[in-house]
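Colleague: Here you go, one structure.
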Amino acid sequence: MFERRLYHHIDWALVAAIFALCALGVVMIYSATAARTTSHLYLTQIYAIVIGSGALLLTLSLDYRAFTEKSHLIYIGLIALLLYVMFFGTVQMGARRWIPLKFVNLQPSEFAKIGVALVLAKFFADNRGTPSWTDLVIAGLLTIVPLGLIAREPDLGTAVTLVPVFLGVAYLAGMRMRILGILFLGLVLLTPIVWKFGLKDYQKSRISTFLDPSQDAKGAGYQQIQARITVGSGGLMGKGFKHGTQGQLQFLPVAHNDFIFSVLAEEQGFAGVLVALGLYLFVILRSLEAAQLAKDRPGAYLVLGVLASFTFQVIYNITMSAGLAPVKGLTLPLMSYGGSSMIATLAGFGLILNVRMRRFTN
Amino acid sequence: MLQYIVIGLFSVLAVSFWVLQVIQHDRFEEMAENNNQRTLPLRAPRGVVFDRDGRVLVENRHAYSISIVREHSKDLNATVRLLAHVLGLDPAGVKEIVDRHRREPTYRPIMIIQDATLAQVTAVTAHRLELPDVVLEQVPTRRYIDALAAHLFGYVGEVNDAQVASDTSLKSGDIVGQQGIEKSYNSLLMGQDGAKRVVVNSVGREIRTLDEDEPAEGQRLRLTIDSDIQKAIEDGFAAAGEGGLTNAGAAVVLDPRSGEVLGFSSLPAYDPNAFASGIDRATWASLNNDGQRPLQDRAIQGRYSPGSTFKMAVALAGLEEGIITPDFTVYCPGHADFYGRPFHCWMDRRGGHGTVDLRRAIAESCDVYFYTVANMVGIDKINKWATALGLGVMTGIDLPNEVQGLVPSTQWKLQARHEKWYAGETISVGIGQGAVSVTPVSMAVYASALANGGTRVTPHLLSAVDNGSGWKPVPAPAPQSTADIDPDKLEAIRDGMWRVVNDPRGTGVTARVAGRDVSGKTGSSQVVGLQTHAADKTNKSLRDNGWFVFYAPREQPTIAGVVFLEHGIHGGNSARLAHHILETYFAKVDGRPVPPSPTPDTMKFDFSDADR
């Protein structure tokens, strides 16, 4: 199954960039949590990277077509897990997101991206030609079902990451830009109606706070202002490893998680930011190349599906880390603390490497 | 195409970070420092105050204040509710305090409790995490030992707006002296507050100290006060209170050579400790509404008729102006008519004094003698010599808000009342009634001037200052004036004063201390007109005020002073207090133990109607 010549087609540069980002993440988690002496979150993160590497090897070694062929089973399994979470998951911080396993808490929503990417890749690959309205509606439903289940947990941030998966695959499958335009126009027209009837007061306040954070400096706008202060105070060269004040003194909430990039910006400065941005850009461009090189449509679709949610999450999280976007519980893939996210992301890159590696095989 | 979109988005991100981290860096760096650095004030203790023998009179203790710093409040109303609950206070009251300071900058602490109990401190500490905007501050607080001499020390309190406006070195929230020496020597006592810059985390916990500017303690003051004399005065008043005589009055004891104040009391008093920890409204209101006016410093602010104690001034005027000699005699049948009106001597009911000369007139306090002399001398010469002895003028004591007494003159009446002075008005002035009014402190100066030969010493309380480098004596203030008095003439008056105390027929024999040649003069002054007076002697508030001015020993006196008992009936009762003060003083001079505290029984106050 794993032929020796395939080994030579592994994109080692991409692998190196991915693990460089993982290492950067561990270092920043260590720094952000060092003040809490009892915490060894960075060790947990290293375990997650080890397990994630195993997952990566698994998704790399089997032919990706085996995964797309069986994607309907994977998809059904995913829905089952999400339903299980809905009824039996453990509650943390007001959300029911986790399935407690022996050593780790599994967060099925993180794996939904891969599941949806696989099933959409197979669906659009099976329907040759420009997708019809029916195709788009069916693909949309395939996305909406897990999205709705995750949103109910509630975990709106993770749920939203499924939208780029759909858009990425549909775009590559030839969905007319006009349709995208119509969807966008509809959304704009709906906005005032949604604002008036669809949003709860606290949601409205979140949005207005985003537009002017200072109007609620201690409430919803607090994290956003603190994020900006964290990043801005870092300066060109940063305050130095473990010398950040915003992260160390916990002015920035969940610094090791959602705001890990802010910690990097504070302690390593603009220089560190450029290095990390460069690595992420390299990973994304290199993966896009894998999509172009893919020898078949399922391969290309799969790469873009996985990559779309990754890219969306990276750009959104970094924007949020600088206090330039509303605060959403959205992690930075590869760097943020979180086992399920790390394992799912590495598994996803296993598939991307897989497609590129098998571009010459039949 | 997708790769160009991604590159474009990443470029936008890079530019955004460049703007935040490089262009706007200074602004955010300052905001980060504001986040995690706090400057905490370190209150400087006020200077410790000692008596002349080095005994501590006023010191400091550690109190804890509890304040809200709104800058760190997430939900001010929740803080107010929780804090009130934790402290066991009424939330509405706490809210009111916060509202009162609403316009001040949010970083300035709003003090909720100035002197918290241990239980309150513990309770707030236990709720630290829920109350990140509540600050517990250790504040040095004044402690007045034994609560002696309240009006002398005065009290401290938070600086008011007018004081901040007039003195640039003060800032809102400072504790400054508001009365007494706390006020007059505030600039010495106050010290320099320090500050501590600390790093705090997001819940306000102090992580480490960046730097610390130690507070500088206020300068130490050594007063001229002698605690034993002070205690003797207050013990005497306590006995007068217990004995049902009076609980109001004043006493000032000086060294007649220098003006050093050895003892100083005004009663009733207040507890300055109550002010030190922030007086509550109820206590303040009760002090203000008390009919006995405990906040008034009677020693420097009370104005009373001097009664017969004024006679030495009249005598001096007569002698110095060459109108009488010490051998000038007057026949006292108990009353005399002047300008068609009868004037009575206090001996009227017992047939008068008979023929008296100056010495006897003073010793037995003959009114008719001094009516006659006053009539001969005239008001303006009396005014001249009373002023020379320190009456009707300010003494210049180093205490705030001294009030000036009044010795009338023709000029005064013209200016103040736009009326001519009538010769008939001079008669009452001859025995210290009528328009004359004096403060007890000016009477102490008067006694000193009679003791030292005519020098109006300036009473003062400060003897030395220690700013940390050892005691530096403070030179005594210059005398207000020195009158050119013929010693022989004065000696006649002093003879009379000696006989007041040492002649069996003298009015002040109760002050006598064996072998000490105490000299003095009693006086009593009517509170209301004579007729009402006679009709209702039993009403305490209508009883005469009792005076006793004294000095000792007769030659080269080293102590002089006044005891004033409001509604004390007789000068003789005041002389009993003076006796205890003098006994204490001479016991100390001899190195003997001071006499035990007097009781109403040992004081043997005279409640009889016999006047003067």
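Colleague: Which whole-angstrom value gives the distance between the alpha carbon centres of segment A:120-156 and segment A:300-339?
Modeller: 20 Å
Colleague: Can you work out D for the protein assembly as shown in µm² s⁻¹ from Stokes-Einstein, where Rh is the Kirkwood radius over C-alpha pairs, the temperature is 37 °C and the viscosity is 0.692 mPa s?
Modeller: 92 µm²/s
Colleague: What nm value, rounded to one decimal, do you get for the distance between A:L141 and B:W284 when each label is placed 7 Å out toward the C-beta?
Modeller: Reported label-point gap for A:L141 and B:W284 is 7.7 nm.
Colleague: Give a quick list of chymotrypsin sites (Phe, Trp or Tyr not before Pro) in segment A:1-87 that DSSP marks as loop, anything other than H, G, I, E or B, with at most 16 other Cβ atoms within 10 Å.
Modeller: Passing both the DSSP loop test and the Cβ count: A:F2.
Colleague: Please list the non-local residues whose amide H lies under 5 Å from the amide H of B:N60, H modeled 1.01 Å from N, same-chain partners needing a gap of 5 or more.
Modeller: Amide H neighbours of B:N60, under 5 Å, 5+ apart: B:R143.
Colleague: Right, something else. Any idea how far apart B:D211 and B:Q526 come out in nm if each label point goes 7 Å out from Cα toward Cβ?
Modeller: Label at B:D211, label at B:Q526, 7.4 nm between them.
Colleague: At q = 0.06, 0.09, 0.12, 0.14 Å⁻¹, what log₁₀ I(q)/I(0) does chain A have when each alpha carbon counts as one equal point scatterer in the Debye sum?
Modeller: At q = 0.06, 0.09, 0.12, 0.14 Å⁻¹ the computed log10 ratios are -0.22, -0.52, -0.94, -1.27.
Colleague: Within segment A:69-122, which trypsin sites (Lys or Arg not before Pro) sit in a loop by DSSP and count at most 12 neighbouring Cβ atoms inside 10 Å?
Modeller: A:K102
Colleague: Quick one: check the C-alpha center-to-center distance for segment B:118-191 versus segment A:240-255, whole angstrom.
Modeller: 38 Å
Colleague: Please report the net charge: other residues with Cβ closer than 14 Å to the Cβ of B:R81, K and R +1, D and E -1.
Modeller: -3
Colleague: Next up: Taking 56 Å as R0, compute the FRET efficiency from the Cβ-Cβ separation of A:W12 and B:D99 and round it to 0.05.
Modeller: With R0 = 56 Å, the Cβ-Cβ based efficiency is 0.25.
Colleague: How far apart, in nm, are the 7 Å Cα→Cβ label points at A:I99 and B:R341?
Modeller: 11.5 nm
Colleague: State the Cα centre-to-centre distance between segment B:446-489 and segment B:320-335 in whole Å.
Modeller: The two parts, judged by their Cα centres, are 33 Å apart.
Colleague: On a full-extension model of 0.36 nm per residue, what is the gain between B:Q3 and B:D488, subtracting their alpha-carbon distance, rounded to one decimal in nm?
Modeller: Separation in residues times 0.36 nm, less the Cα-Cα distance, equals 162.6 nm.
Colleague: How much length is gained on full extension from B:R61 to B:I23, taking 0.36 nm per residue of separation minus their Cα-Cα distance?
Modeller: Separation in residues times 0.36 nm, less the Cα-Cα distance, equals 8.6 nm.
Colleague: Let me ask you something else. What Kirkwood hydrodynamic radius, in Å, does segment B:128-190 give when the mean of 1/r is taken over all pairs of distinct Cα atoms and then inverted?
Modeller: 13.5 Å
Colleague: Could you give me the ³J(HN,Hα) list for segment B:334-347, computed from phi with Karplus coefficients 6.51, -1.76, 1.60 and θ = phi - 60°, whole Hz, x at Gly and Pro?
Modeller: Taking θ as phi minus 60°, the curve returns x, 6, 7, 9, 10, 6, x, 10, x, 10, 9, 9, 5, 8 Hz for segment B:334-347.
Colleague: Quantify how strongly other chains surround peptide B:11-18 by giving the mean number of their Cβ atoms within 10 Å of each of its Cβ atoms.
Modeller: The shielding value for this peptide is 6.
Colleague: Got the relative contact order for chain B handy, in percent, Cα pairs under 8 Å and 6 or more residues apart?
Modeller: 14 percent
Colleague: Next question, about the same structure. To the nearest 20 debye, what charge dipole does chain B have about its Cα centre, counting +1 at the Cβ of each Lys and Arg and -1 at the Cβ of each Asp and Glu?
Modeller: It comes to approximately 600 debye.
Colleague: Additional query: For peptide B:34-44, how many partner chain Cβ atoms fall within 10 Å of a residue's Cβ, on average?
Modeller: Other-chain Cβ atoms within 10 Å of each residue's Cβ, averaged: 2.
Colleague: In terms of Cα to Cα distance under 20 Å, which aspartates and glutamates are near enough to B:K420, apart from those fewer than 8 places away along the same chain?
Modeller: The reachable aspartates and glutamates, counting only those whose Cα sits under 20 Å from B:K420, are B:D380.
Colleague: Quick check on segment B:385-526: take the gyration tensor over C-alpha atoms, sort the square-rooted eigenvalues as a ≥ b ≥ c, and tell me if it's rounded (a/c under 1.5), prolate or oblate.
Modeller: oblate
Colleague: On average, how much area does the Cα convex hull of segment B:267-314 cover when viewed from any direction, in nm²?
Modeller: Averaging across all directions leaves 4.4 nm² for the Cα convex hull.
Colleague: Something else about it: If I stretch the segment between B:L414 and B:D193 completely, what's the gain in nm (0.36 nm per residue apart, minus their alpha carbon distance), one decimal?
Modeller: Result for the pair: 74.2 nm of gain on full extension.
Colleague: Now for a different question. Using only the Cα atoms of segment B:553-612, build the gyration tensor, take square roots of its eigenvalues as a ≥ b ≥ c, and label the shape rounded, prolate or oblate: rounded if a/c is under 1.5, else prolate if a/b is larger than b/c, else oblate.
Modeller: oblate
Colleague: Calculate the translational D of segment B:39-223 in whole µm² s⁻¹ from Stokes-Einstein, where the hydrodynamic radius comes from the Kirkwood formula applied to all Cα pairs, the temperature is 20 °C and the viscosity 1.002 mPa s.
Modeller: Answer, rounded: 120 µm²/s.
Colleague: Could you sort out which of B:K231/B:K521; A:K122/A:K295; A:K328/B:K74; B:K183/B:K384 sit more than 26 Å apart by Cα distance in this structure?
Modeller: Result: B:K183/B:K384 exceed 26 Å.
Bear in mind that the values in this text are calculations on the coordinates, not laboratory data. What you see is a predicted model, and the numbers here were worked out from it, not measured in a lab. All Cβ positions, glycine included, derive from the backbone under ideal geometry; neighbour counts span all protein chains shown.
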